[in-house]
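Written below as C-alpha cells is the structure these notes are about.
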Amino acid sequence: MTIRHAQGTYDVRFDEFNGTTHVVVTDSNLAKLYPKLIGSSPIVIEAGESSKNLDTYAYVAGQLLHRGATRKSTIVALGGGVVGDLVGFVAATYMRGIPFVQVPTTLLAQVDSSVGGKVGVDLPEGKNLLGAFHPAKEVIIDSRFLKTLPERELRCGLAEIVKYGWIMAPEILDELSKSDLDLQKLVRKCVELKARVVQEDEFETKGVRAWLNFGHTVGHAIEQITNYETYTHGEAISIGMVVETRVAEEMGLAGRGLSQKVQNSLAQHGLPTELSTKLSVSTLIDVMRRDKKSDQREITMSLVYRSGQCELVKNVPVEIIERVLA
Ligand code: ADP
Ligand code: ZN
C-alpha cells in the first residue's frame, strides 16, 4: 500500500521483517525477545512510556553520532508506539532529518501510530508536547510479532480497531463480532482507513483526521488524572468511547441505545467500559478543557451518531458531560 504525503510517498508492506543492515533502535523487552532479528548492536532504550522523553532522545542521538551515523544514514525503529514516536522524532531532527523505517510490533502501533507521520516525545508537563510530522520511509507490518504481545497490550490495539469500526467502517464491527478473529485482515483494513484519513488531512486542519479522536477526549483525561498507571491507552479510550456516545445521545445527536451497542462491542473483547474507581468530575472536565486539541477551553469531541458515522462537534455542552460522568 502506498501512502502520499506532503513530501512524497511511502510504502506500507505487510511482510516478514528479516533483519536489516541499518542501525536498529528498539526497547529492552524486544531486544530480549528477538535478538536474532535485531542483530548484534542495536540501540536499546528502556521499555515503557517513561522512555519517551528528552533524555532518551538525547541518548539515542548520541549513540547515532557515536556510531558514525551521517545525514545519509537510515535508522530502523523496531517496537511499539513508544519506540516509533521517539525514534521518529530523533530521525526528524538528527542532522536536520534522516529517513527512518518503522517496524511496529504492537497491535496498537500497527493499526495506528506507525502510519500518518506523527512523531514526538513527552514533556514532564504532558504527553506528545514536542513533536513533528516526519513520515517513515517505509513501514513493515509483520504479524508474527503479535504472537508474543501480552494479552493486555493486544486488547489495547483492539480498542482502536473497534474505534475504526464505529467512526467509519461498520464492516469492521461485523468482523469483530466473529468468534475467530482474523487479526491480519483487521490490521490491513485499519491501515487502509488510516491511510485514507491522513492523506485527506495530513496536518489535522480539516477536521477529518480529528475523527480518529473518538473516545480520546475523555480517554486522555482519564489517563492523565490516573497518572497513566491505572489504565492502558486502549482501556482509557474504551471507557471514553462509551462516555462520549452517551454524551451524543444526551445531545440528541445519536439515537437512544447506541452507547449500549458501543459498550457491548468493547466488553466483548474484555475491554472496560466504565471507571473502576470514582474520579473527580470537575478535574476530568478541567483536563479536557486544557487538551491540546481544544480551542479556548471549549471541549471538542469526535462523536459517533450512527454505526460507521461520526462528526467533529465543537463546544460540547459541559453540563451534559458532567451529567454523563456523574
Ligand atoms: P504502544 O504501542 O502500546 O504505544 P509500547 O511501545 O509502550 O506501546 O509497548 C507496549 C509494551 O509492549 C512495551 O513493554 C513493549 O516492550 C512491549 N512489546 C512491544 N512489542 C512487543 C511484542 N511484539 N512482543 C512482546 N512485547 C512487546
Ligand atoms: Zn489512540
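Read-outs: derived from the displayed coordinates by stated rules, not from any lab. Bear in mind that the values here come from a model prediction, so they are computed numbers and not experimental data. Using ideal geometry, Cβ is built from the backbone for each residue, glycine included, and neighbour counts are taken over all protein chains shown.
Can you give me the C-alpha center-to-center distance between the stretch 254-326 and the stretch 1-66, rounded to a whole angstrom?
When both Cα centres are located, 34 Å separates them.
In nm, give the distance between the simple-model label positions of S276 and S179, each being 7 Å from the Cα along the Cα-to-Cβ direction.
2.9 nm
Please work out how much length the chain gains when fully extended from E151 to K292, using 0.36 nm per residue of separation minus the C-alpha to C-alpha distance, in nm with one decimal. Can you show the working numbers first?
Numbers: separation 141, 0.36 × 141 = 50.76 nm, distance 3.07 nm.
Here the segment from E151 to K292 would lengthen by 47.7 nm.
Can you pull the one-decimal nm distance between simple spin-label points at T283 and E171, each 7 Å off the Cα toward Cβ?
4.4 nm
Among A169, A58, A210, which one shows the highest mean-square fluctuation when the chain is modelled as a Gaussian network with alpha-carbon springs under 10 Å?
In the Gaussian network model the winner is A58.
Cα gyration tensor of the stretch 160-281, axes a ≥ b ≥ c as square roots of the eigenvalues: rounded (a/c below 1.5), prolate (a/b > b/c) or oblate?
Details: a/c = 1.42, a/b = 1.22, b/c = 1.16.
Rounded is the answer for the stretch 160-281, as its axis ratio a/c remains below 1.5.
As a test of the formula, what do you get for the chain when each DSSP H run with n ≥ 4 contributes -39,500 (n - 2.57) and the sum is divided by the residue count, at 222 nm and rounded to the nearest 500 deg cm²/dmol? Could the numbers behind the result be given before it?
On the way: 12 runs with 135 residues, N = 326.
That comes out to -12500 deg cm²/dmol.
How high is the relative contact order of the chain, in percent, counting Cα pairs under 8 Å that sit 6 or more residues apart? Walk me through the numbers on the way to the answer.
Details: 594 pairs, mean separation 46.4, N = 326.
Rounded, it is 14 percent for the chain.
Work out the charge dipole of the stretch 224-326 with +1 on the Cβ of Lys and Arg and -1 on the Cβ of Asp and Glu about the Cα centre, then indicate which of A267, I285, T300 is farthest towards its positive end.
About the Cα centre, the residue reaching furthest to the positive side is T300.
Alpha carbons only, please: Rg and Dmax for the stretch 1-152, in angstrom.
14.1, 39
What value does the chain have for Rg/Rh, both radii from Cα atoms and Rh as Kirkwood defines it?
On the way: Rg = 19.4 Å, Rh = 20.1 Å.
Value, to two decimals: 0.96.
Between E229 and K36, what's the calculated FRET efficiency when r is the beta-carbon distance and R0 is 30 Å? Round to 0.05.
Numbers: r = 34 Å, r/R0 = 1.13.
For R0 = 30 Å, the calculated efficiency reads 0.35.
Rounded to two decimals, what ratio of Rg to Rh does the stretch 27-97 give with C-alpha atoms and a Kirkwood Rh?
Details: Rg = 11.6 Å, Rh = 12.4 Å.
Expressed as Rg/Rh, it is 0.94.
What number comes out for the charge environment of V318, summing +1 per Lys or Arg and -1 per Asp or Glu over other residues with Cβ under 15 Å away? Please report the intermediate quantities before stating the final value.
Details: positive: R246, R289, R290, R297, K314, R323; negative: E244, E250, D286, D291, D295, E298, E319, E322.
Around V318, the surrounding residues sum to -2.
Amide H neighbours of I45 under 5 Å, at least 5 residues apart or on other chains, H built in the peptide plane: list them.
T26, D27, S28
Top mean-square fluctuation among T21, T232, T300, Gaussian network model of the chain, C-alpha springs under 10 Å?
Comparing T21, T232, T300 in the GNM, the peak value goes to T21.
Taking R0 as 25 Å, what's the FRET efficiency between L123 and R67 from their Cβ-Cβ distance, rounded to 0.05?
0.40
Running a GNM on the chain with Cα contacts under 10 Å, which residue among N53, N227, N264 ends up with the highest mean-square fluctuation?
Maximum fluctuation in the GNM of the chain, among the listed residues, is at N227.
How charged is the neighbourhood of V82? Take every other residue with its Cβ under 10 Å from the Cβ of V82, and add Lys/Arg as +1 and Asp/Glu as -1.
Values: positive: K52; negative: D27, E46, E49, D85, D122.
My count for the surroundings of V82 gives -4.
Give me the net charge for the shell around V287: Cβ to Cβ below 13 angstrom, other residues only, Lys and Arg +1, Asp and Glu -1. It would help to have the intermediate numbers written out before the result.
On the way: positive: K127, R289, R290, K292, K293, R297; negative: E125, E223, D286, D291.
Net local charge, V287 excluded: +2.
Mean shadow of the stretch 208-269, computed from the convex hull of its alpha carbons, in nm²? Don't jump to the answer; show the numbers that get you there.
Values: hull surface 18.5 nm².
The orientation-averaged projected area of the Cα hull of the stretch 208-269 comes to 4.6 nm².
Could you size up the charge dipole of the chain around its Cα centre, putting +1 on the beta carbon of Lys and Arg and -1 on that of Asp and Glu, and report it in debye to the nearest 20? Show your work: numbers first, answer last.
Details: 37 positive and 40 negative charges, 130 e Å.
My answer is approximately 620 debye.
Taking 0.36 nm per residue of sequence separation and subtracting the Cα-Cα distance, how much length would be gained by fully extending the chain between Q7 and L130, in nm to one decimal?
42.2 nm
Take the cross-link list K163/K189; K32/K194; K32/K137; K72/K137; K52/K118 and give me the ones stretching past 19 Å between alpha-carbons.
On the way: K163/K189 13 Å; K32/K194 31 Å; K32/K137 26 Å; K72/K137 13 Å; K52/K118 14 Å.
Checking Cα-Cα distances, K32/K194; K32/K137 exceed 19 Å.
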